[in-house]
Structure formats: C-alpha cells, structure tokens
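No value in this document is a laboratory result; all are computed from the given coordinates. Note that the coordinates shown come from a computational prediction; the quantities given were computed from them, not determined experimentally. Neighbour counts run over all protein chains shown; Cβ positions are idealised from the backbone, glycine included.
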Amino acid sequence: MIYTINNKISIYQSGEPKNKAILFIHGFPYDHNMWEKQVEELKSAYHCVTYDIRGLGSSPAGDGQLTMESFVDDVESIIDSLKLERPVLCGLSMGGYIAFRCMERMQDKFSGLIICDSKPEADNNEAKLRRASGIKTINTEGVQKFVEDFVPGCFAPGSISNSKIPYEEVLNRSMKFDPKGVKGCLLAMLSRTDTTSYLSQIKIPTLIICGEDDKLTPPEVMKLTSESITHSEFFIIPEAGHMTPIENPKFVNKVILNFLKKHFARE
Ligand code: MLT
C-alpha cells in the first residue's frame with residue numbers, strides 16, 4: 001500500500017499494522033526498493049514500513065534545500081501519521097546517518113536500532129570536497145554520470161557480475177532520479193552533524209551489520225561503532241560490499257530475524 005504525507009513523501013506498508021513495526025530507511029542514491037527482500041521475508045510477522053527519502057525515488061525534492069534535520073523531521077512525521085508504536089528503526093548508510101540523529105533527537109520513540117553499513121562520524125574535509133565534486137558532475141554532466149561513477153563502488157566486485165543480484169536494475173533506477181533531489185541529499189550529508197559522542201547513550205537493543213567487502217564503511221570501523229553502544233551486536237555479512245540487503249539478502253534476513261526474535265518476540 002502506498003501512502004503519502006507532507007508534500008507527498010511516499011510510504012509503503014506491508015504486513016499487519018498490529019504487529020511490531022520496523023521502519024526502514026534506505027541509502028543514497030537509492031529508494032525503498034532496497035529493502036524488497038527484507039520486507040518479503042519479514043512481513044508475515046512484522047509491520048514493515050519503507051519510504052522514499054525526500055528527493056529520491058518518488059518523493060519530490062521540493063526546492064532541493066535538504067538537511068539531515070529535515071530527514072529526521074520526516075521520520076517523526078511518518079511515525080506520528082502512521083501511529084507507529086516504538087518501531088525498530090533500520091537504516092543503511094545515509095539511512096544510518098538519519099537513524100543515528102533520530103537516536104540523538106528522540107531515542108524514546110524507538111524500541112530497537114539496526115544499522116547497516118553506516119557510521120556516526122560527519123564528513124571530513126576530503127569527503128566534503130568529494131560531495132562538492134559530485135554536485136559539479138551533476139551540474140555539468142548530469143545525474144546519470146554521477147550515478148555511473150558512484151554506484152559501482154557501493155557493491156562488491158563479485159556482486160556486480162552476479163546475475164542473481166539486481167545491480168543493473170538499481171543503477172538504472174537511480175539514473176532517473178531528480179538531479180535536484182540527488183544534489184540536495186549530497187548537501188544534507190555534507191552538512192550533517194557528528195553523532196559519535198551520543199553512541200554511549202544509546203540504550204535500546206542495537207544490531208550493527210557490515211558487508212565484509214564494504215569499502216565505504218569497512219568492518220573494522222563499524223566494529224568500533226558497535227563497541228561504543230551498550231546493548232549492541234555486530235555481524236559481518238559475507239559476499240557483500242556496502243549494499244548488504246541487496247547483495248546477500250538471505251544472510252542479512254537471518255541476522256535481522258534472530259535479532260528481532262531475541263528482543264521483540266513477545267511484543
Ligand atoms: C549511502 O549508501 O547512503 C552513501 O554511500 C552514503 C554516503 O555517500 O556517505
């Protein structure tokens with residue numbers, strides 16, 4: 001079912017609304033389809049909510065002036081409008097940046113946290129310059145060229161050549177995104193705050209997942225993040241880069257299901 005709020009943010013729901021809710025936040029530059037295999041498996045026991053981040057997929061970019069704070073405002077609006085009762089928040093990469101900031105702003109609205117291939121640190125100077133160069137590429141050569149340059153680095157090389165993984169589908173979808181939205185997301189990431197100092201205050205059960213071949217947020221970095229969170233479990237996903245839910249959905253689903261059963265079985 002598709003549902004829209006606040007200037008048409010597209011929200012997709014599967015599973016019984018009376019079941020425990022999981023709110024999924026996708027990465028950049030992707031959309032809710034990233035979680036297709038997780039929703040497919042989890043919807044029989046959980047209320048799965050995915051959405052397109054403002055500016056990506058079918059959620060409009062508006063004036064393109066996007067910030068991490070506005071992304072967190074959108075999460076809050078989704079929770080309130082769907083009346084989700086302390087959902088488990090699951091974010092990948094940029095979705096993880098949003099999720100970490102959600103913890104800092106409103107941890108009590110959630111009962112659990114799942115972070116896939118992400119980090120709490122803000123962009124350093126080098127990363128900011130890379131974002132600026134990405135914006136320039138979009139302005140001069142178009143979003144298609146930016147996506148062609150950016151997306152391959154998110155997948156493990158073995159995944160790109162694996163016909164079971166919908167790499168081309170993902171690439172083609174992202175190439176059609178509104179340039180204003182993609183640039184807005186780059187600016188939102190570039191200007192986000194650092195949430196590292198808040199990690200020790202995260203008290204809800206947390207699961208940290210990282211692809212063994214993730215070059216953007218490598219396992220050794222994510223392990224340190226996990227060690228800074230009190231009730232956290234850390235898993236390395238084999239045969240995957242930065243896009244774990246797409247590259248190895250079977251393994252990711254198993255890890256997520258075990259985590260959910262362990263902490264939320266009776267809710
Ligand atoms: C993502 O997958 O969301 C991006 O790689 C995040 C980033 O560019 O920092």
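The Glu227 and Ile160 beta-carbon pair, evaluated with R₀ = 30 Å, returns a calculated FRET efficiency of approximately 0.45.
Each of Thr196 and Asp73 was given a label point 7 Å from its Cα along the Cα-to-Cβ line. The distance between the two points is 2.9 nm. Of interest is the spacing of the C-alpha centroids, which for the stretch 180-218 and the stretch 5-37 amounts to 18 Å. Rounded to the nearest whole Hz, the Karplus-based 3J(HN,Hα) values (6.51 cos²θ - 1.76 cosθ + 1.60, θ = phi - 60°) of the stretch 38-43 follow the sequence 6, 4, 3, 7, 8, 5, with x at glycine and proline.
Within the shell of other residues whose beta carbon sits under 13 angstrom from the beta carbon of Arg101, the net charge comes to -3, with Lys and Arg scored +1 and Asp and Glu -1. Pairs of Cα atoms nearer than 8 Å and 6+ residues apart set the relative contact order; for the chain it is 20 percent. Overall size of the chain from C-alpha positions, given as principal axis extents largest first: 54, 39, 39 Å.
Mean residue ellipticity at 222 nm from the helices of the chain, using -39,500 (n - 2.57) per DSSP H segment of n ≥ 4 over the full residue count, to the nearest 500 deg cm²/dmol?
-12500 deg cm²/dmol
When the chain is treated as a GNM with alpha-carbon contacts under 10 Å, the residue of Thr67, Thr193, Thr140 showing the greatest mean-square fluctuation is Thr140. When you filter the trypsin sites (Lys or Arg not before Pro) in the stretch 141-213 for DSSP loop state and at most 10 other Cβ atoms inside 10 Å of their Cβ, you are left with Lys164, Lys176. Neighbours of Lys164, meaning other residues whose beta-carbon lies under 13 angstrom from its beta-carbon, give a summed charge of -2 when Lys and Arg score +1 and Asp and Glu score -1.
For the stretch 1-130, the mean projected area of the C-alpha convex hull, equal to one quarter of the hull surface, is 7.7 nm². In loop segments of the stretch 13-91 as defined by DSSP, the trypsin sites (Lys or Arg not before Pro) with at most 15 further C-beta atoms inside 10 Å of their C-beta are Lys18, Lys83. Of all the options Ser200, Ser163, Ser59, the one that moves most in a Gaussian network model of the chain with Cα springs shorter than 10 angstrom is Ser163.
Remind me, relative contact order of the stretch 23-85 in percent, using alpha carbon pairs under 8 angstrom and six or more residues apart? Mind showing how you got there, number by number?
Working: 47 pairs, mean separation 17.6, N = 63.
The normalised contact order for the stretch 23-85 reaches 28 percent.
Mean Kyte-Doolittle of at least -0.5 and a Cα length of 15 Å or more along the axis: which whole DSSP H helices of the chain meet both? Taking the DSSP H segments of the chain (at least 15 Å long, mean hydropathy at least -0.5), we get 68-82, 94-106, 179-190, 249-264.
Place the peptides 221-232, 113-124, 85-96, 249-260 in order of packing, highest mean first, counting for every residue the other Cβ atoms within 10 Å and averaging per peptide. Show your work: numbers first, answer last.
Details: 221-232: 16.7, 113-124: 23.2, 85-96: 25.0, 249-260: 18.2.
Those peptides, ordered most packed to least, come out 85-96, 113-124, 249-260, 221-232.
Please label the shape of the stretch 198-267 as rounded, prolate or oblate, based on the square roots a ≥ b ≥ c of the eigenvalues of the alpha-carbon gyration tensor (a/c under 1.5 means rounded; beyond that, a/b larger than b/c means prolate, else oblate). Intermediate results must be reported in sequence, preceding the final value.
Working: a/c = 2.96, a/b = 1.18, b/c = 2.52.
Oblate shape, in that a/c is at least 1.5 and b/c is the bigger or equal ratio.
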